[in-house]
Every structure is written in C-alpha cells, then in structure tokens.
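Enquirer: One structure, as structure tokens, below. Some questions next.
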Amino acid sequence: MFSLRFFKEVFIPPYEFGEIKKHMEELGIKTMPIVSVTGIIIGLVLAMQSQPVLARFGAESFLPTMVSLSVIRELGPVLTALIFAGRVSSGIGAELGSMRVTEQIDAMEVSAINPYKYLVVSRILACTLILPILTLYVNLLALIGAYFAILLSDGMNWQLYIDSVFKSLEFADLIPGILKTFFFGFIVGSVGSYKGYNTTSGTVGVGRASTSAVVLSSLLILLVDMILVKVTVWLWT
C-alpha cells in the first residue's frame with residue numbers, strides 16, 4: 001500500500017523537481033566512487049577466472065564475448081543495484097527515521113504539507129532515475145577492467161577487444177539489463193523510505209530501520225531479478 005501510494009502521488013502537483021535533482025546528486029554522484037571500484041573489479045575478476053576455463057577447451061578467443069554478455073545482461077545491473085542498496089537504502093531509512101522520531105514529519109503534517117509527497121516521492125523517483133545511469137557507467141568500467149586482465153594474460157590489443165565485444169552484443173542484450181535497473185531503483189527507494197517513514201522506538205528504531213532497509217531491499221532485488229530474467233528471456237527469444 002505504501003508503494004502503490006507513490007503512483008498516485010507522483011502525478012499530483014506540486015512537482016518537487018528541485019528535491020528530485022538534489023537527491024539524484026546526493027544519492028548518485030556520491031555513490032560513483034564505490035561503484036567505480038566495483039565496476040573495475042567485476043571485469044578484472046570475471047576475465048581472470050574465465051580465462052583458464054576457456055583455455056581448457058581452446059576457446060580463449062571467446063573471452064571478450066563471454067565477459068561482455070555476462071556483465072551487460074546480469075552482473076553489471078545486479079551488483080550495481082546491491083551496492084546502491086547498501087549505501088542508499090540505509091541512508092534513506094536512517095534519514096527519514098530520524099525525522100520521524102524527532103517529530104519533524106508530524107510537524108509537516110500539522111503545517112498542511114504532504115510529507116509523503118515531499119520526502120518519499122522525490123527519493124523514490126531519484127533512485128529510479130539514477131540507478132540506470134550508474135549501471136551504464138559500471139558496465140563500461142567492467143569492460144575496461146576485463147580488457148586489462150585479457151591484455152596481461154593474452155596480450156590482446158584494444159581494437160581487437162572492442163571489435164569482439166561489439167560483434168557479440170546486440171540491442172536486445174542491453175535493453176533487458178537497463179530496464180531491470182528501473183525496478184531495482186524503485187525497490188531501493190521505496191523500501192528505504194518505508195522503513196524510515198514508519199520508524200518507531202526512538203533512536204533504536206532508526207538503527208533497525210537502516211539495517212532492515214538494506215537487508216530487505218537486497219533480498220527483493222535478487223527475487224525480482226529472478227522473475228525479470230525469466231520474463232526477458234521469454235520476450236526476447
């Protein structure tokens with residue numbers, strides 16, 4: 001019910017564009033350092049782990065293809081969403097939880113301000129819009145990281161690597177991975193907002209809200225991903 005209320009409130013003015021922009025900068029830009037490291041490591045580790053396995057079958061030339069498809073279709077979106085949930089969902093839960101226990105939300109209601117519209121809708125929209133951008137960024141860094149691993153092991157030049165990657169990728173490979181991140185962003189924003197907005201038990205409740213927001217959003221991301229993988233395979237095959 002808390003999440004469904006979002007779809008009603010989001011179309012009703014006033015539209016908090018300033019708050020949405022502020023949260024996109026706060027939640028997205030400040031998340032870039034950690035997702036940058038994550039992206040490079042994803043590519044490096046995946047290439048280093050896959051190279052010996054493919055070498056057993058004489059299929060080392062397929063390494064760029066395997067890495068690019070794995071990152072674009074699954075690893076990039078899911079791991080970025082989990083990192084995003086760990087940082088953002090807990091922050092939203094703690095922030096709104098603190099506002100609830102200090103009665104700031106109650107004060108907004110008394111002042112005839114819709115706290116759900118101002119506090120929750122703006123954060124959910126910001127998370128939903130910024131996560132696909134972060135995912136594209138992580139995908140790019142993962143492919144660069146994979147190239148360095150392949151360069152060290154096989155000495156493949158950059159042009160050959162890029163040609164192999166783009167020959168293996170199709171438009172249908174990119175779209176499902178990016179579409180999933182809109183759902184993941186909505187999950188992160190709505191779970192964090194719900195836990196914080198309904199916090200009880202004072203400062204102890206704030207800590208519980210922050211922790212449970214991360215756990216629940218991460219679990220929902222994995223469950224929804226399992227469903228969306230089946231749906232996208234059915235639609236694009």
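Enquirer: Only one residue in Ile221, Ile150, Ile175, Ile144 is of a type in the set (A, V, I, L, M, F, W, C) and over 19 Å from Thr38 (Cα atoms), so which one is that?
Expert: Ile175
Enquirer: Give the residue that is nearest to the chain's Cα centre (by Cα), with candidates limited to residues of region 179-213 that are farther than 30 Å from Leu136 by Cβ and of a type in the set (A, V, I, L, M, F, W, C).
Expert: Of everything passing the filter in region 179-213, Ala209 is nearest to the chain's Cα centre (by Cα).
Enquirer: Determine whether Ala112 is over 12 Å from the mean Cα position of the chain (by Cα), free of Cβ contacts under 8 Å to residues at least 12 places away in the same chain and surrounded by fewer than 24 Cβ atoms within 10 Å (Cβ to Cβ).
Expert: So Ala112 fits the description; yes.
Enquirer: Among residues belonging to region 96-151 that are among the charged types (D, E, K, R) and assigned to a helix (DSSP H, G or I), point out the one that is nearest to Lys30 (Cα to Cα).
Expert: Result: Arg123.
Enquirer: Further question on the same structure: Would you call Gly177 of a type outside the set (Phe, Trp, Tyr) and crowded, with 19+ Cβ neighbours inside 10 Å?
Expert: yes
Enquirer: Given the options Thr237, Thr232, Thr199, name the one that is in a helix (DSSP H, G or I) and at pLDDT below 85.
Expert: Unique residue meeting the criteria: Thr232.
Enquirer: Lys180 fails exactly one of the following numbered conditions: (1) under 14 Å from Ser68 (Cβ atoms); (2) at pLDDT 85 or above; (3) charged (D, E, K, R). What is the number of that condition?
Expert: (1)
Enquirer: Which one of the conditions (1) loosely packed, with under 14 Cβ neighbours inside 10 Å; (2) within 21 Å of Ile40 (Cβ to Cβ) does Leu136 fail to meet, given that it meets all the rest?
Expert: Failing condition for Leu136: (1).
Enquirer: Would you confirm whether or not region 18-40 contains a residue that is surrounded by 15 or more Cβ atoms within 10 Å (Cβ to Cβ) and under 20 Å from Asn157 (Cα atoms)?
Expert: Yes, because at least one residue in region 18-40 is surrounded by 15 or more Cβ atoms within 10 Å (Cβ to Cβ) and under 20 Å from Asn157 (Cα atoms).
Enquirer: Name the residues in region 118-133 that are among the β-branched types (Val, Ile, Thr) and either within 9 Å of the chain's Cα centre (by Cα) or at pLDDT 90 or above (or both), would you?
Expert: Selection gives Ile124, Thr128, Ile130, Ile133.
The values are calculated or read from the model by the stated rules, or taken from the named source; none is laboratory data. This structure is a prediction, so every number in the text was calculated from the model and none was measured. Ideal geometry is used to build each Cβ from the backbone, glycine not excepted, and the neighbour counts take in all protein chains shown.
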